[in-house]
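The values are calculated or read from the model by the stated rules, or taken from the named source; none is laboratory data. None of the values given here were measured: they were computed from a predicted structure. Please note: Cβ atoms are built from the backbone with ideal geometry, for glycine as well, and neighbour counts cover all protein chains shown.
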Amino acid sequence: MQALAVSTIALLLLFQSSPVPLAHFTGRIHGVTRKDVTIDTEEGNVIEFVINRKTRAERSGKTIPVTALKTGDAVGIDARQELLGYLVAVSIKASAPVQP
C-alpha cells in the first residue's frame, strides 16, 4: 500500500505542469484569417500559428483585431507549442505601417 502511494506521488510530480517559456518568431505576414496567421521568416521559412480567443494582437501599443493584420506587415509573435505539434499564437506585435 505504501509503495502505491509513493508511486502515485512520483507520477504526479512527473506530470506536474511546469511553465514552458514561449517561443518568439519574427517575420512578415504571409496570410491571416480569424483562425490562423502565417508568416514568412527572414530565413525563408513559412510558419503557421493557430489563433484562439486568448490571442492578443497590437500595433503601436494599441490592441487590434487579428484580422487587422495585413500581408507584408512586420510582426513578432510569441507562441506556445501544443501537444499535437501546432503553434498557438499568444501575442502578436505588429510594427507601425510604413507611410508611402
- Task: Kindly indicate whether Ala96 is out of contact with any Ser or Thr (no Cβ under 6 Å at 6 or more places or on another chain) and either in contact (Cβ under 8 Å) with a residue 12 or more places away in the chain or of a type in the set (A, V, I, L, M) (or both).
- Result: no
- Report yes if Val46 is among the hydrophobic types (A, V, I, L, M, F, W, C) and touching a helix residue (DSSP H, G or I) at 6+ places or on another chain (Cβ under 9 Å), otherwise no. no
- Query: Only one of (1) under 12 Å from the mean Cα position of the chain (by Cα); (2) within 11 Å of Gly27 (Cα to Cα) fails for Tyr86. Which number is that?
  - Reply: (2)
- What residue, among those in segment 61-79 that are over 22 Å from Glu42 (Cβ atoms) and of a type outside the set (Val, Ile, Thr), is surrounded by the most Cβ atoms within 10 Å (Cβ to Cβ)? Ala68
- Task: Report, by residue number, each residue of segment 53-83 that is assigned to a loop (DSSP other than H, G, I, E, B), over 14 Å from the mean Cα position of the chain (by Cα), without any contact (Cβ under 8 Å) to a residue 12 or more places away in the chain and closer than 17 Å to Asp36 by Cβ.
- Result: Pro65
- Item | Index of the failed condition, Leu13 passing every other in (1) in a loop (DSSP other than H, G, I, E, B); (2) at pLDDT below 80; (3) over 18 Å from the mean Cα position of the chain (by Cα) | (1)
- Item | Whichever residue in segment 43-52 is touching a strand residue (DSSP E or B) at 6+ places or on another chain (Cβ under 7 Å) and either in contact (Cβ under 8 Å) with a residue 40 or more places away in the chain or within 17 Å of Gly27 (Cα to Cα) (or both) and, among such residues, is surrounded by the fewest Cβ atoms within 10 Å (Cβ to Cβ) | Val46
- Message: Considering only segment 16-38, I want to know if a residue exists there that is at pLDDT below 95, part of a helix (DSSP H, G or I) and surrounded by 12 or more Cβ atoms within 10 Å (Cβ to Cβ).
- Response: no
